[in-house]
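**Q** My questions will all concern the structure given below.
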Amino acid sequence: DALNFLEEIKIEAAIPLITKLIQLKNGLICAAGVKILGKLEYENSLPEIIKLAEHEDFNVRESVAEALVHFKPEAVNSTLISLLEDKIGDVRKKAAISLLESHPDKAIPVFKSLLKDDDLYIREETAETIGELKLEAAIPELIPLLKDKYGNVRYQAVKALRILNAKLAIPELIPLLKDECEEVIAITAEALGQLQA
């Protein structure tokens, strides 16, 4: 709650305190502090944030990947590139989002690989993110998700393909009008309408 308060008021006088908090062993407190320092774009905290890219708690590494989007030095890009190899999908996804503008050649392959992740939530969230970011380059990897065994994944894949105006997906979308999941049927009908199928 104290960290939420510090984030809301954005008082620069609180930065030294937040900097101390990110040195604590508690991963969740550390992760929250890193996010705040990123939003405040406090350059002096950058070396400490970069060090935390190797923290044992994946929540901290995920926060580092998210926070670094607010900083420009080259050290930021090299840290984000290293996080693209993280063993946790959410960390890789956040690093890819942060790197997308400066290094799309490295970020987009990560999004494509996450669409094949064993974790259904990673596939679902990545499909949603691809739609939000309008990554047309990932359309070929989105199409196989229309046959995913989980309805939420199929739903997000259809939604992303609709946003991306992916006409080449029309033949794969039509069978989903008979999907077992009503939400998938509804979003598919919307997508096909938008695509003028």
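**Q** Considering only residues that are among the polar types (S, T, N, Q) and part of a helix (DSSP H, G or I), which ones fall in the range 160-197?
**A** Thr188, Gln194
**Q** Moving to a separate point now. What residue, of Ile139, Ile122, is part of a helix (DSSP H, G or I) and over 13 Å from the mean Cα position of the chain (by Cα)?
**A** Only one candidate passes the filter, namely Ile139.
**Q** Please determine, by comparing only the residues of the range 44-78 that are open to solvent by 50 Å² or more (accessible area, probe 1.4 Å) and of a type in the set (Lys, Arg), which one is nearest to Gln23 (Cα to Cα).
**A** Out of the qualifying residues, it is Lys51.
**Q** If you go through the range 100-119 one residue at a time, how many are of a type in the set (Asp, Glu) and assigned to a helix (DSSP H, G or I)?
**A** Residues that pass the stated criteria total 1.
**Q** Another one. Limited to the range 94-139, what total is found for residues that are open to solvent by less than 30 Å² (accessible area, probe 1.4 Å) and either of a type in the set (Lys, Arg) or free of Cβ contacts under 8 Å to residues at least 24 places away in the same chain (or both)?
**A** So the answer is 4.
**Q** While we're on this one: State which residue pairs qualify: first residue closer than 19 Å to Ile139 by Cα and inside the range 171-197, second residue of a type in the set (Phe, Trp, Tyr) and surrounded by 14 or more Cβ atoms within 10 Å (Cβ to Cβ) in any location, beta carbons under 7 Å apart, and separation of 6 or more residues or different chains.
**A** Pairs found: Val184/Tyr155; Ile187/Tyr155.
The values are calculated or read from the model by the stated rules, or taken from the named source; none is laboratory data. Please read all numbers here as calculations on a predicted model, not as lab measurements. Backbone-built Cβ (ideal geometry, glycine too); neighbour counts: all protein chains shown. Heads up: the accessible areas ignore ligands, DNA and RNA and are worked out on the full protein's heavy atoms, side chains in. Shrake-Rupley method; radii C 1.70, N 1.55, O 1.52, S 1.80 Å.
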